[in-house]
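The values are calculated or read from the model by the stated rules, or taken from the named source; none is laboratory data. In this text the structure is predicted, and so the values were computed from the model without any measurement. Note that each Cβ is placed from the backbone with ideal geometry, even for glycine, and that neighbours are counted across all protein chains shown.
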RNA sequence: GGCCCCAUCGUCUAAUGGUCAGGACACCUCGCUUUCAAUGAGGUAAUACGAGUUCGAUUCUCGUUGGGGCUACCA
């Protein structure tokens, strides 16, 4: 049997990092079994619907690399409407376009007596709940409309009276299921509410739509968040009423704020898009969220998507919520930044640096040298413009910054002019950090200077900063002319 | 309030009856070094609590406490 999983987001804004992890796990489960990973858009709530929601989510999934070109991708049709192409064919797994389907199944339930029309007003429902909670009773629908004669109810509904359709839960027994992550879970049926399955606007609620679609899409494993555990009995009841075989369920633990509450916007960024804009690499985000709740069982920490596909297993997914720890994400990002080739880095860094570079024109190789300077020093790509600022414009700095703590102003006044002369003799062709280091090193030794007495003022001269990369790599990135100009600037400060 | 889920260093976690309770991030110390970063070596730090089962519990059972989720014509 083919393993088929899905990710079914609601287009209510952006893709949440928790959603990304859910999607990733579902994707990994499918791919490692050579199965299919499908997408479905659950847009049955018109009030929370956001126009760009679907597009935003798909963009983030695409950025993260779990929607590959050949499988599922975004495609604009003739009307400019975004469509989802799945496994080669246009699949309208967009719930708002499948209303008749849910309607049909709901009617089937009504006909069988497993669901009923409910004409209660929202006022009555609110009052009912208030009363129940005042009496410290569980809040649930009291089943009033279940008493109405079905033929009469049908007639009233057909006549256009405002109504919803509710699922009729059994009042006895219990529903239990085996969760792939948590083991056996059971709930008494009498505690499960008669959930609305078709709203008064004709749209299905999540509960009906999810069951119908998962069945029709032949989903074998439902991977979703822990918040769905308590409604799973409703879903199971639906499967039973329809006579369908339910899928396997895997309820993932939640992602948490540092204070252990559910990860929320108030305490930091939660959208994948936020992290992209902040200059995090998709590989880092993916690796990081994959490890929030799962690990390979050994000491390895760095996993590519391919390796994750190979080694992921639901059995190793933990049950407890995991704090979304920015420090660890930062570490992952640095690790992935370090692994980038200079070429890859330039490509990824350009969007962040464009403004800083302005009209200046650089060869790719020059840019590569410049960007590589801070590759091991920054945490994210977004830090690059500021970190590299000293390359584009020499910062203003006080003359005493040129003096190393173990040296003196006199020594600097002596070293700098001599150093300029030595450097000036090096040709533009030989202007590489290796050659520069060799020449300056030899000269330092010959003149019995200490390394610090030479390197510190040299580095400050070309960087204008107390902290910076080494002088030779900076000079190579700067080029001979600019390097000597900066040395001249330093000299003039010492006069 | 009711129902459900969960519980190992600050954080992510390993160890499913016998380990000096391991690793990673963060933090601290030392080394390298012109600064920062990187890097090398080392260090601080955890089984929530209480019973029970057992020769022996992080591990199994129960309870307590704590945290979380659900309790909508939202997903």
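Which ones in region A:1-16 are buried (at least 24 other Cβ atoms within 10 Å of the Cβ) and more than 13 Å from RNA strand B (Cβ to nearest atom)? Correct list: A:5 only.
The residues on offer are A:404, A:331, and the sole one that is within 14 Å of RNA strand B (Cβ to nearest atom) and either surrounded by fewer than 12 Cβ atoms within 10 Å (Cβ to Cβ) or not in a helix (DSSP H, G or I) (or both) is A:404. When residue A:172 is tested against (1) modelled with pLDDT under 95; (2) over 24 Å from residue A:212 (Cβ atoms); (3) under 37 Å from the mean Cα position of the chain (by Cα), just one condition goes unmet, and that condition is (3). Those residues that are over 29 Å from residue A:101 (Cβ atoms) and touching a residue at least 24 places away in the same chain (Cβ under 8 Å), I need them from region A:186-198; list them, please. Within region A:186-198, just A:191 meets the criteria. Looking at region A:338-347, is at least one residue surrounded by 17 or more Cβ atoms within 10 Å (Cβ to Cβ), away from RNA strand B (no atom under 16 Å from the Cβ) and in a helix (DSSP H, G or I)? Among the residues of region A:338-347, at least one is surrounded by 17 or more Cβ atoms within 10 Å (Cβ to Cβ), away from RNA strand B (no atom under 16 Å from the Cβ) and in a helix (DSSP H, G or I), which makes the answer yes.
Residues in region A:113-127 that are surrounded by 12 or more Cβ atoms within 10 Å (Cβ to Cβ) and closer than 16 Å to residue A:240 by Cα: 2 in all. If you filter region A:188-201 down to residues that are near RNA strand B (Cβ under 8 Å from one of its atoms) and surrounded by fewer than 18 Cβ atoms within 10 Å (Cβ to Cβ), you find that the one that is nearest to residue A:174 (Cα to Cα) is A:188.
The set of residues from region A:247-274 being surrounded by fewer than 19 Cβ atoms within 10 Å (Cβ to Cβ), over 19 Å from the mean Cα position of the chain (by Cα) and at pLDDT 95 or above comprises just one member, A:248. Selection over region A:275-295 of residues that are surrounded by fewer than 17 Cβ atoms within 10 Å (Cβ to Cβ), without any contact (Cβ under 8 Å) to a residue 60 or more places away in the chain and more than 7 Å from RNA strand B (Cβ to nearest atom) gives a count of 0.
Just wondering, is there one or more residues in region A:297-315 that are more than 17 Å from residue A:23 (Cα to Cα), surrounded by fewer than 17 Cβ atoms within 10 Å (Cβ to Cβ) and more than 14 Å from RNA strand B (Cβ to nearest atom)? No - not one qualifying residue is present in region A:297-315. Residue A:320 fulfils the conditions (1) touching a residue at least 60 places away in the same chain (Cβ under 8 Å); (2) crowded, with 18+ Cβ neighbours inside 10 Å; (3) within 11 Å of RNA strand B (Cβ to nearest atom) except for a single criterion, (2).
Pairs linking a residue in region A:169-183 that is without any contact (Cβ under 8 Å) to a residue 24 or more places away in the chain and over 15 Å from residue A:232 (Cα atoms) to a residue that is within 10 Å of RNA strand B (Cβ to nearest atom) and in a strand (DSSP E or B), with Cβ atoms under 9 Å and 6 or more positions apart or on different chains, are A:172/A:188; A:173/A:188.
Condition (residue is under 22 Å from residue A:232 (Cα atoms), touching a strand residue (DSSP E or B) at 6+ places or on another chain (Cβ under 8 Å), part of a strand (DSSP E or B) and within 9 Å of RNA strand B (Cβ to nearest atom)) applied to region A:150-164: is it met by at least one residue? Looking for residues that are under 22 Å from residue A:232 (Cα atoms), touching a strand residue (DSSP E or B) at 6+ places or on another chain (Cβ under 8 Å), part of a strand (DSSP E or B) and within 9 Å of RNA strand B (Cβ to nearest atom), one finds at least one in region A:150-164, hence yes.
Condition check ((1) modelled with pLDDT under 90; (2) closer than 30 Å to residue A:287 by Cβ; (3) buried (at least 19 other Cβ atoms within 10 Å of the Cβ)) across all residues:
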| residue | (1), (2), (3) |
| --- | --- |
| A:26 | no, yes, yes |
| A:33 | no, yes, no |
| A:36 | yes, yes, yes |
| A:45 | no, no, no |
| A:48 | no, no, no |
| A:54 | yes, yes, yes |
| A:86 | yes, yes, yes |
| A:90 | yes, no, no |
